[in-house]
Amino acid sequence: MGAVLPMKLAAFVLMGASLISGCSNDTDNLQQLRQVLRPGSVAPDPRVQALIDGRAPRMQVSFEKTDLVGVVALESARGGIETWLSVDGGTLILQGGMVVGTRGFGGGMMTSDVTQSLAAVHAGQAGQVVRFHSFLTGNDETRTRSYKCEIKDLGDRPATLLGALTPARQMSETCRSLDQTFVNSYWVGAERGQIIQSRQWLGDFLGSVNLRDIPQDAF
């Protein structure tokens, strides 16, 4: 991991800087993002270019298990559900800043019920909640699992967005089922009360993903 991570981070820094600054060499931007997020993909999804041109909101993404890093752009927001698109069509589906589904990254989280977790984290309330995840199995069947979770308020701890400290309150969520345990962390921004940085578990296959908002004025 030690030899691979610096190279991937270097590629991410180059890709992120060009996308954020609106560099005119969009072909290089897309190619770098494709290589970093999903090596071996054939062609970038044409929808991404339109999102870049339209200055769609973006997030930094890093998968801890594979060291893959990159940027996703907001493709749609309907009924409180947001779809964030990677350059080759992989998607993260979020509700109020919490991941409720993935597509195209393997080991799919098909859907989730995070209603109780979402309410507690946004309200800054500690306590016990329940969440549900549905995963696609190797037999193309969907299996739903339930988790009992403990929410804790860790107090004022700034988020780090593009290297700058941003006032926020950190909340942690420790979840357990019969055979799985994971910990999610959320940084709720002091200004708008939204999740602006997080570390969230996406299942055994993908592991945890780190998400950080990219300020709109950065691109």
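The Cα center of the stretch 103-172 and the Cα center of the stretch 182-219 differ in position by 9 Å. Phi angles across the stretch 80-96 convert, under the Karplus curve 6.51 cos²θ - 1.76 cosθ + 1.60 with θ = phi - 60°, into 3J(HN,Hα) values of x, 9, 10, 10, 10, 10, 8, 5, 10, x, x, 10, 10, 10, 10, 10, x Hz, Gly and Pro given as x. Annotation: amide H of Gly207 within the under-5 Å range of Leu202, sequence separation 5 or more or interchain, hydrogens built in the peptide plane.
Coupling constants for the stretch 128-140 follow from the phi torsions by the Karplus curve (6.51 cos²θ - 1.76 cosθ + 1.60, θ = phi - 60°), and in residue order they are 9, 9, 10, 10, 10, 10, 10, 10, 7, 8, x, 9, 6 Hz; glycine and proline get x. Value of Rg to Rh for the stretch 77-219, rounded to two decimals, is 0.96; Kirkwood radius and Rg both from alpha-carbon coordinates. Exposure proxy for Ser146, Ser62: other Cβ atoms within 10 Å of each Cβ, ordered fewest to most, give Ser146, Ser62. Taking a ≥ b ≥ c as the square roots of the Cα gyration tensor eigenvalues, with a/c under 1.5 meaning rounded and otherwise prolate when a/b beats b/c, else oblate, which class fits the stretch 119-179? Judged from the Cα gyration tensor, the stretch 119-179 comes out oblate (a/c at least 1.5, b/c at or above a/b). Once backbone amide H atoms are built at 1.01 Å from N, Gly89 has Asp45 as its partners under 5 Å, excluding neighbours fewer than 5 places away on the same chain. Note on Gln116/Leu162: beta-carbon distance plugged into 1/(1 + (r/R0)^6) with R0 of 25 Å gives a FRET efficiency of 0.20. Placing unit charges on the Cβ atoms only, positive for Lys and Arg and negative for Asp and Glu, gives the stretch 60-152 a dipole magnitude near 320 debye about its Cα centre. The trypsin sites (Lys or Arg not before Pro) of the stretch 151-205 that DSSP puts in a loop, and whose beta carbon has at most 14 other beta carbons within 10 Å, are Arg192. Shape class of the stretch 59-160 from the Cα gyration tensor (axes a ≥ b ≥ c, square roots of the eigenvalues): oblate, since a/c reaches 1.5 or more and a/b does not exceed b/c.
Amide H contacts of Glu75: Thr83, Trp84, Leu85, each under 5 Å away and 5 or more positions distant or on a separate chain (H built 1.01 Å from N in the peptide plane; Pro and chain starts excluded). Sparsely packed loop sites in the stretch 66-142 (the GluC sites (Glu not before Pro) outside DSSP H, G, I, E and B with at most 11 other Cβ atoms within 10 Å) comprise Glu141.
Each reported figure results from applying straightforward, stated rules to the coordinates on display, with no laboratory input. Keep in mind that what you see is a predicted model, and the values were worked out from it rather than measured. Positions of Cβ are backbone-derived with ideal geometry, glycine not excepted, and every protein chain shown enters the neighbour counts.
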